[in-house]
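One structure, pasted below without further comment.
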Amino acid sequence: MAGLLQGAREGRSGVLVLRGEAGIGKTTLLTDLVAGAAGLRVLQISGAESEMELAYAGVHHLCAPLLDHVDRLPKPQRLALRVAWGMEEGDAPDRFLVGLAVLTLLGEAAAERPTVCTVDDAQWVDAASLQTLAFVARRIEADPIVMVFAEREPETGQELVGLPGLSLSGLDDEDARALLATLVPGRLDDRMRENFLAEAGGNPLAIEELHGALTPEDMAGGYGLATARSLATRIERTFGRRLRALPPPTRTLLLIAAAEPSGRLPWLWAAAESLGIGVDAAVPAESTGLITIDGRLRFRHPLVRSAIYRDASLADRRQAHGALAGAIAGPGTEEHRGWHRAHAAGLPDELVAGELVQASERARARGGVAAAAAFLALAVELTPEPYLRAQRALDAAQLKIDAGAPDAAGELLSVVGDFTEDEFLTACGDLLRARLAFAVSRGSDAPPLLLAAAIRLGPLDAALSRDAYLAAMMSAIVVGRLSAGELSSTADVATAARLAPPAPGPSTSVDRLLDGLIVRLSGDHVGAAPLFKAAIRAYLSEEEAGLADPRWLDITNRVSLDLFDQDTYNLLAARNVERLRAAGALTLLPLAVTTLAGVHVSAGEFSEAAALLEEAEVINTAIGAPHQRYIEPYVAAYRGQEQLTRELVKASIDGATQRGEGYAISVALYSAAILHNGLGQYREALAACESAVQHDDLGMYGYLLGEMVEAATRCGEKQVAATSLRLLVERTAASGTETALGLEARSAALVDESPVADEEYRRAIAHLERSPVVVFLARAHLVYGEWLRRMNRPGDARTHLRSAHEMFTDWGAEGFAERTRRELEATGEVVRLRSKGAGAGLTTQEAQITKLAREGYTNAEIGGQLFISTRTVEWHLSKIFAKLGITSRRGLRTVF
């Protein structure tokens, strides 16, 4: 702990999570840390056990001393923070943009003075705040900021997982005996002492509190403690005994304080006064050390709060909540007031339920999804009218899903049928349950559930039914080859979807996508092509008008690939990243950025792809989300990194199999085929292709056929190559894009190998020069050069092989570059190795910062894009300058 403070004084950051059971000493360590932080800025918060969830309340409290720094933040961050704190109206901010704003805010504060942040009882801090603070903890690098969290075990959540931690255990036997002897010298006989120490288990609070609350009868044989469910319960029980010894007015005052976790004195005194209790009622509790009052009321330990609340009768709790509901007033207190009014209600009450619905909407507007879900779930319990109750249960379940609480969502959905027999609402419940299954597992159980919901909704709501059919198809595509059971495969779902009701109005892109997928997944690729083209035109039109439904972007992208329409795919991928960046939607951005990285690989821009993958990694690490690695094998394959690609492909296939995502297996095998074709390992390339094409995956099958033609011809498998070409031409002819026609001509030339192939190769290059898939152009030059050399035309061969070698070398496609080099040398040309560029020694993040700095971005703007503080950008730039031998940004222009 002292080392963290010293590091901050020396300009370094530090993070630590203290973990341990109740009473083990976490709070004491935080107190010691604060006591030793002389000269440093100290920001502190402590969570309080409560069902009440107030979005960003913890972060607001922690950063309250820094409010005058908020105006220094970049505008998007400033707006996000002010909206999250209810200081300004606006669209709900992405929770991780709020995190970036808090990171910048703390960075500004730390630039003035090293800053220490402590978060006690982190398990009870509101979800939005804890996620935000965990984001910050993962992103502080060069700022003199220390963040120390304390959370209880075993009630540990996922937000702080992966951060440096220290698990606290109990005192050893010698120290436990010494502490007990200090507290009760000479009062315990040997048997009682041994029983006590055995039951306390070295827990300091247990030793300190239990000895004063237990009678010799309790301790005899250790039975008094052994009947308790846990050590926390044991300690809480002893606090309960002490509390029951207090005067009734004092206990009522403490119950009011326990019911309102904010500890605000004006609310406490006003609520107590309404029950005829004066300020002096706090004196007995203060004198015994159970509470302290220093601007707000604080309990000696969280177990005191839980003991007083749980020991009270239901009637007394309702009275306390009612007093608080009547006492709390002023702007920004609606959530507090509504929550207490709800807990004071004995019966369903629409007036109170309506207040909770409004509180939920306000929380959602601030980006507090967990808080919105909590308020709405409580509103469900208090809604008297059954139909409305079922509607609210559905809305609350959706919010619980959005908040990452699938179990709670499932509980709400399970009771929808108990509230109403309305066919439409129960059908909507089925649909949401199916979407929940897909979101949780993405496995083979989702397609039949979605299909059943679609069928049930058919006569009730045509538009919603068609949406459900499309969702069923999407899930079946994701499951792919791993489908199992009835109505799980793409063909089964397509057959069932033929019974979908007609579109209720003018056809939208969604309607056209559904119609096209029914035909395509039934096996008619040619018949589906015009329907898909119409769907893409409609989606682009809706996208231009701001009317496109983002839920269907993924399926539209896959359809674009199925048509070899790489131009549309690239356009939508770039627009999606641009839109999500502008909105600060960090939750969705990593997947979008990863998709765009694949676009850059296809364009031969491997460095840009690597930078985007690093960006996605940064965001996922910062927000604690799983990493999307399906593009990494694609990059490694084109770079010719054999061992890495093999490892990534295996990991991708293993992970996809475990998750039930068959589509991802085809993506991984495609990468494997590219690697092996590049390295001249044609048998392995063919094996990867033959495995992949066992299932006709939308958007992947055609590209796999192209790899299969190359591998099969090089292996002498003429029949396999001819069959693959025939299947490929069916698709490329229906598509007609430059990419499709270029791939078709290249594959036809590979299969033919007669003098007629010369024209096909030239046609392939002409088409691919107009295609955004530049890697296909380089590979067309390569195979044409190989063919020309075998035709004894070394001069012509060198022309195309040089073009291919230059492109591959520029990109860093080492496998294909080496294959091309061997061919060039076989023509008699000497190939000289190129020296690596000036930036070869930079890390990926340093390369990103260098690129942005050369493009004129400020340090603050670079930090905003890379989710690091301005000071961290400055720190990286100093390292970059040292590596490149320059002294300023101006030097970057001359080095690169």
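What are the residue pairs meeting all of these: first residue in the range 409-421, first residue under 14 Å from Glu385 (Cβ atoms), second residue among the charged types (D, E, K, R) and in a helix (DSSP H, G or I), Cβ atoms under 7 Å, and 6 or more apart or on different chains?
Listed by first residue and then by second, the contacts come to Phe419/Arg389.
Going through the range 836-851 one residue at a time, which ones are open to solvent by less than 50 Å² (accessible area, probe 1.4 Å) and part of a loop (DSSP other than H, G, I, E, B)?
Listed by number, the list holds a single entry, Leu842.
Still on this structure: Count, please, the residues in the range 752-802 that happen to be assigned to a helix (DSSP H, G or I), β-branched (Val, Ile, Thr) and either surrounded by fewer than 19 Cβ atoms within 10 Å (Cβ to Cβ) or free of Cβ contacts under 8 Å to residues at least 40 places away in the same chain (or both). Write out each step before concluding.
From the range 752-802, those assigned to a helix (DSSP H, G or I) are 752, 757-768, 774-790, 794-802; that's our starting set.
Still in the running and β-branched (Val, Ile, Thr): 765, 774-775, 783, 799.
When the remaining residues are screened for being either surrounded by fewer than 19 Cβ atoms within 10 Å (Cβ to Cβ) or free of Cβ contacts under 8 Å to residues at least 40 places away in the same chain (or both), the result is 765, 774, 799.
Total meeting the criteria: 3.
I've got another one for you. Testing Gly3 on (1) touching a residue at least 60 places away in the same chain (Cβ under 8 Å); (2) over 31 Å from the mean Cα position of the chain (by Cα); (3) surrounded by fewer than 20 Cβ atoms within 10 Å (Cβ to Cβ), one condition comes back false. Which one is that?
Result: Gly3 passes all but (1).
Results for (1) in contact with a Leu (Cβ under 7 Å, 6 or more places away or on another chain); (2) over 21 Å from Asp311 (Cβ atoms), shown as yes or no for each residue.
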position	(1), (2)
Arg244	no, no
Ala259	yes, no
Pro266	no, yes
Leu275	no, no
Glu286	no, no
Ile291	yes, no
Arg298	no, no
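Can you pull out every residue in the range 278-326 that is closer than 16 Å to Ala259 by Cα, open to solvent by 60 Å² or more (accessible area, probe 1.4 Å) and touching a Lys or Arg at 6+ places or on another chain (Cβ under 8 Å)?
Arg296, Asp311 - these are the residues of the range 278-326 that are closer than 16 Å to Ala259 by Cα, open to solvent by 60 Å² or more (accessible area, probe 1.4 Å) and touching a Lys or Arg at 6+ places or on another chain (Cβ under 8 Å).
Does Leu106 satisfy being touching a strand residue (DSSP E or B) at 6+ places or on another chain (Cβ under 7 Å) and either under 25 Å from Gly165 (Cβ atoms) or not in a helix (DSSP H, G or I) (or both)? Don't jump to the end; show me each part of the working.
Numbers: touching a strand residue (DSSP E or B) at 6+ places or on another chain (Cβ under 7 Å): yes; either under 25 Å from Gly165 (Cβ atoms) or not in a helix (DSSP H, G or I) (or both): yes.
In short, yes.
Condition test on Leu449, is it open to solvent by less than 10 Å² (accessible area, probe 1.4 Å) and either over 23 Å from Ser509 (Cβ atoms) or touching a strand residue (DSSP E or B) at 6+ places or on another chain (Cβ under 7 Å) (or both)?
On the way: open to solvent by less than 10 Å² (accessible area, probe 1.4 Å): no; either over 23 Å from Ser509 (Cβ atoms) or touching a strand residue (DSSP E or B) at 6+ places or on another chain (Cβ under 7 Å) (or both): yes.
Here the answer is no, as Leu449 does not meet what is asked.
Same structure again: Cβ contacts < 7 Å: first residue under 15 Å from Glu49 (Cα atoms) and among the polar types (S, T, N, Q), restricted to the range 294-315; second residue modelled with pLDDT under 80 and crowded, with 22+ Cβ neighbours inside 10 Å, any location; separation 6+ or different chain. Result?
Filtered contacts from the range 294-315: Ser306/Glu236.
Please go through the range 242-272 and give me each residue that is modelled with pLDDT under 90 and surrounded by fewer than 17 Cβ atoms within 10 Å (Cβ to Cβ), ordered by number.
Selection gives Arg244, Ala245.
Can you tell me which condition Arg177 does not meet? The list is (1) in a loop (DSSP other than H, G, I, E, B); (2) touching a residue at least 12 places away in the same chain (Cβ under 8 Å); (3) open to solvent by 60 Å² or more (accessible area, probe 1.4 Å), and all the others hold.
(1)
Related question: Considering only the range 852-895, state which residues are without any contact (Cβ under 8 Å) to a residue 24 or more places away in the chain, open to solvent by 30 Å² or more (accessible area, probe 1.4 Å) and not in a loop (DSSP other than H, G, I, E, B).
Correct list: Asn859, Ser878, Phe881, Ala882, Arg890, Thr894.
Okay, moving on. Taking the criterion of being among the acidic types (Asp, Glu) and open to solvent by 20 Å² or more (accessible area, probe 1.4 Å), would at least one residue in the range 494-514 satisfy it?
Pass one, the range 494-514, residues among the acidic types (Asp, Glu): 511.
So of that shortlist, the ones also open to solvent by 20 Å² or more (accessible area, probe 1.4 Å) come out as none.
Among the residues of the range 494-514, not one is among the acidic types (Asp, Glu) and open to solvent by 20 Å² or more (accessible area, probe 1.4 Å), which makes the answer no.
Those residues that are closer than 21 Å to Arg264 by Cα, surrounded by fewer than 19 Cβ atoms within 10 Å (Cβ to Cβ) and modelled with pLDDT under 90, I need them from the range 22-60; list them, please.
Glu49, Ser50, Glu51
Only residues that are under 17 Å from Asp549 (Cβ atoms) and open to solvent by 10 Å² or more (accessible area, probe 1.4 Å): list them for the range 462-493, please.
Ala462, Ala463, Leu464, Arg466, Asp467, Ala471, Met474
Within the set of pairs 6 or more residues apart or between chains, which connect a residue that is within 15 Å of Ala128 (Cβ to Cβ) and open to solvent by 20 Å² or more (accessible area, probe 1.4 Å) inside the range 68-96 to a residue that is among the polar types (S, T, N, Q) and part of a helix (DSSP H, G or I) with Cβ atoms less than 7 Å apart?
Hits for this filter: Arg95/Gln131; Arg95/Thr132.
Give the range 360-369 a look and list any residue that's open to solvent by less than 20 Å² (accessible area, probe 1.4 Å) and either of a type in the set (S, T, N, Q) or at negative phi (or both), or say none.
Once the filter is applied, which keeps residues that are open to solvent by less than 20 Å² (accessible area, probe 1.4 Å) and either of a type in the set (S, T, N, Q) or at negative phi (or both), the range 360-369 yields Ser360, Ala363, Gly368.
While we're looking at this one, here's another question. Evaluate the following for Phe135: is it open to solvent by less than 20 Å² (accessible area, probe 1.4 Å), at pLDDT 85 or above and either in contact with a Lys or Arg (Cβ under 6 Å, 6 or more places away or on another chain) or under 20 Å from Trp875 (Cβ atoms) (or both)? Full working, then the answer.
Numbers: open to solvent by less than 20 Å² (accessible area, probe 1.4 Å): yes; at pLDDT 85 or above: yes; either in contact with a Lys or Arg (Cβ under 6 Å, 6 or more places away or on another chain) or under 20 Å from Trp875 (Cβ atoms) (or both): yes.
Criteria met by Phe135.
Could you say which residue among Thr843, Thr870, Thr799 is among the polar types (S, T, N, Q) and farther than 23 Å from Val136 by Cα?
Numbers: Thr843 fails: farther than 23 Å from Val136 by Cα; Thr870 fails: farther than 23 Å from Val136 by Cα.
Of the residues listed, the single one that is among the polar types (S, T, N, Q) and farther than 23 Å from Val136 by Cα is Thr799.
Could you say whether any residue in the range 67-79 is assigned to a helix (DSSP H, G or I) and under 21 Å from the mean Cα position of the chain (by Cα)?
First pass over the range 67-79, keeping only residues assigned to a helix (DSSP H, G or I): 67-72, 75-79.
Add one more test, that the residue is under 21 Å from the mean Cα position of the chain (by Cα), and what stays is 76-77.
Yes, there is a match, as at least one residue in the range 67-79 is assigned to a helix (DSSP H, G or I) and under 21 Å from the mean Cα position of the chain (by Cα).
So, in the range 394-431, exactly how many residues are small (Gly, Ala, Ser), closer than 17 Å to Leu450 by Cβ and open to solvent by 50 Å² or more (accessible area, probe 1.4 Å)?
Here is the first cut: in the range 394-431, the ones small (Gly, Ala, Ser) are 396-397, 403-405, 408-410, 414, 417, 427, 429.
From the residues that got through so far, the ones that are closer than 17 Å to Leu450 by Cβ too are 397, 409-410, 427, 429.
Pick out the ones that are also open to solvent by 50 Å² or more (accessible area, probe 1.4 Å) and you get none.
Summing the residues that are small (Gly, Ala, Ser), closer than 17 Å to Leu450 by Cβ and open to solvent by 50 Å² or more (accessible area, probe 1.4 Å) in the range 394-431 gives 0.
For the range 385-470, give me every one of the helices (runs of 4 or more DSSP H) that falls completely inside it and has 2 or more residues that are within 21 Å of the chain's Cα centre (by Cα) and within 29 Å of Gly354 (Cα to Cα).
Those helices (runs of 4 or more DSSP H) span 386-402, 406-414, 423-441.
Continuing with the same structure: Do you know which residues across the range 521-544 are outside any helix (DSSP H, G or I) and open to solvent by 30 Å² or more (accessible area, probe 1.4 Å)?
Ser522, Gly523, Asp524
Is it true that Glu381 is part of a helix (DSSP H, G or I), open to solvent by less than 30 Å² (accessible area, probe 1.4 Å) and acidic (Asp, Glu)?
Details: part of a helix (DSSP H, G or I): yes; open to solvent by less than 30 Å² (accessible area, probe 1.4 Å): no; acidic (Asp, Glu): yes.
Answer is no for this residue.
Next up: State whether the residues of the range 370-377 include one that is assigned to a helix (DSSP H, G or I) and surrounded by fewer than 20 Cβ atoms within 10 Å (Cβ to Cβ).
Scanning the range 370-377, I find no residue that is assigned to a helix (DSSP H, G or I) and surrounded by fewer than 20 Cβ atoms within 10 Å (Cβ to Cβ), so the answer is no.
Moving on to the next point. In the set Leu580, Leu563, which member is surrounded by 18 or more Cβ atoms within 10 Å (Cβ to Cβ) and at pLDDT below 90?
Result of the check over Leu580, Leu563: Leu580.
The values are calculated or read from the model by the stated rules, or taken from the named source; none is laboratory data. Being a predicted model, the structure only gives us computed values, none of them experimental. Here the Cβ is made from the backbone with ideal geometry for all residues, glycine too, and neighbour counts use every protein chain on show. The accessibility values were calculated without ligands, DNA or RNA, using every heavy atom of the protein model including side chains. Shrake-Rupley method; radii C 1.70, N 1.55, O 1.52, S 1.80 Å.
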